[in-house]
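Here's the structure, in structure tokens; my notes come after.
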Amino acid sequence: MAVKVETPVLKVAIVGGGPGGLATAVALRAVPGLEVTLYERAEVLREVGAGISIPPNSWNVLDLLGVDSLTSGHPTTAVLNMNGKTGEELHRVETGSLSSRKPIRTQRTALQAALLAHVPKDSIQLGKKVLGLDNLGPSGVRLTFADGSTTVAGLVVGADGIRSVVRDSVWPEYPLSFTGTTIWRVLLPVDAIKDLDPRFMTTGWWHGPTTHVYFSLVGEGMWEIAARAWQDPKIHGSSKVSWGTPVENEVVEANFTEYLPQVREALHRVPKGHWREFAAFAGPNLATLTGWNNRVVLVGDSSHALSGAFGSGAGFAMEDGWVLAQALASTNNDLSKALPLFDKIRVPYYTRMYAHLDNEAKRRALHLSQLLEPSDEERVRNKVIKIEGTDMKWIYANDIGKVWRESVAVVA
């Protein structure tokens with residue numbers, strides 16, 4: 001009589017409850033033999049920020065995850081680039097048909113709610129700030145929390161953002177630095193600003209030489225402002241934190257005094273206490289996203305500390321989680337096979353992104369160096385991203401399901 005040998009359950013700890021962590025939890029639910037727990041440092045699971053972009057690549061992975069409840073948002077089929085001082089239209093993008101789903105800008109909380117609907121509440125532990133990890137070898141990885149508790153998991157998924165504790169535990173020498181870009185974000189009722197300029201109803205960037213203000217509807221009667229300015233890292237770097245610091249209105253408005261009156265008025269109408277500051281940090285490309293003998297894997301911003309996320313950071317993170325789940329399922333949760341397969345698919349993708357951002361920065365710098373004493377108008381034109389002639393479908397129309405099938409076919 002044959003004896004049935006049961007495969008031991010693999011305990012998986014996901015660190016971080018953002019889109020990447022939640023999407024990973026959703027994807028792993030479909031993989032047999034896993035016991036998944038998501039640990040989030042906040043006492044209440046809520047998104048910090050304002051809007052978030054859902055381009056076709058994000059729709060693709062949401063469909064694969066079975067997440068179909070994201071219904072609110074503003075179609076971003078037209079995007080403007082304006083000179084913020086003169087009001088001149090510099091560039092307009094009319095989005096073609098990359099997929100059957102229109103790109104949208106929606107509230108971060110809407111995406112969070114759609115993902116949360118597919119994650120059992122008892123698999124999420126809140127108020128669990130991870131202080132660090134310890135490599136226990138074949139026994140797994142120990143996570144130590146700020147409340148003094150510990151747990152051991154066979155696999156740890158670092159979905160804890162650009163200043164990742166998981167990444168720092170495994171790659172302690174990883175250099176992370178303030179890029180000089182500071183972003184201030186807020187949501188307003190559209191009724192509060194719709195009298196100012198009809199162009200504000202179209203998603204767009206209003207540029208200065210070293211600043212810009214991004215306006216977009218995000219659905220449900222709300223309107224988003226994301227204002228950016230460059231600040232010298234040598235002066236401001238030591239005082240910056242990465243996410244959601246309250247800031248006074250005067251601090252934000254002082255960076256945009258040369259803008260059109262209606263742009264400045266839109267900033268001025270933000271109620272006091274509503275602005276949040278987000279400092280952009282970046283670090284170098286990692287050669288591998290897995291560590292400690294395939295016991296730790298990074299997803300989302302923790303895996304690629306880019307200086308820009310192409311407006312698709314949530315999509316990248318969700319793709320990571322879905323690919324990880326497929327790799328585990330296809331190898332019967334054999335970490336020695338699954339994690340190298342994840343690396344094989346995702347590392348080249350992020351390497352290509354780093355190269356693209358580097359090439360764009362060099363192109364702009366070269367063009368600017370060829371101008372003799374460039375005017376503000378010339379500097380603004382130089383920084384506007386124009387995608388004509390640059391095929392960005394590898395990002396915005398990425399079909400991660402197709403990528404997976406082709407990658408598995410090559411391995412086979």
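See the values below:
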item	result
Selection within the stretch 99-128 - out of contact with any Phe, Trp or Tyr (no Cβ under 6 Å at 6 or more places or on another chain) and assigned to a loop (DSSP other than H, G, I, E, B)	99, 100, 102, 103, 117, 118, 119, 120, 127
Hits in the stretch 294-314 (condition: within 17 Å of residue 172 (Cβ to Cβ) and hydroxyl-bearing (Ser, Thr, Tyr))	302, 303
The lone exception for residue 83 - which of (1) assigned by TED's automatic domain parsing to the domain that holds residue 379; (2) touching a residue at least 60 places away in the same chain (Cβ under 8 Å); (3) touching a helix residue (DSSP H, G or I) at 6+ places or on another chain (Cβ under 6 Å) it fails	(1)
Inter-residue pairs, beta-carbon under 6 Å, first assigned by TED's automatic domain parsing to the domain that holds residue 62 and of a type in the set (Gly, Ala, Ser) and in the stretch 101-116, second buried (at least 19 other Cβ atoms within 10 Å of the Cβ) and modelled with pLDDT of 95 or more, 6+ apart	114/67
Residue 46 vs. criteria in the same structural domain as residue 380 (by TED's automatic domain parsing) and more than 20 Å from residue 106 (Cα to Cα)	no
Scan of the stretch 211-239 for residues that are on the phi < 0 side of the Ramachandran plot and either outside the structural domain of residue 188 (by TED's automatic domain parsing) or without any contact (Cβ under 8 Å) to a residue 40 or more places away in the chain (or both), ordered by number	214, 223, 234, 235, 238, 239
Qualifying residues in the stretch 284-312 (those that are in contact with a His (Cβ under 9 Å, 6 or more places away or on another chain) and under 27 Å from residue 226 (Cα atoms)) - the one surrounded by the fewest Cβ atoms within 10 Å (Cβ to Cβ)	285
Residue within the stretch 128-149 that is touching a strand residue (DSSP E or B) at 6+ places or on another chain (Cβ under 7 Å), crowded, with 16+ Cβ neighbours inside 10 Å and within 30 Å of residue 216 (Cα to Cα) present	no
Selection from the stretch 151-193 of residues that are within 20 Å of residue 323 (Cβ to Cβ) and of a type outside the set (A, V, I, L, M)	154, 158, 160, 161, 164, 167
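The values are calculated or read from the model by the stated rules, or taken from the named source; none is laboratory data. Keep in mind it's a predicted model, so treat the numbers as computed, not measured. Cβ sites come from the backbone with ideal geometry, for glycine too, and all protein chains shown count toward neighbours.
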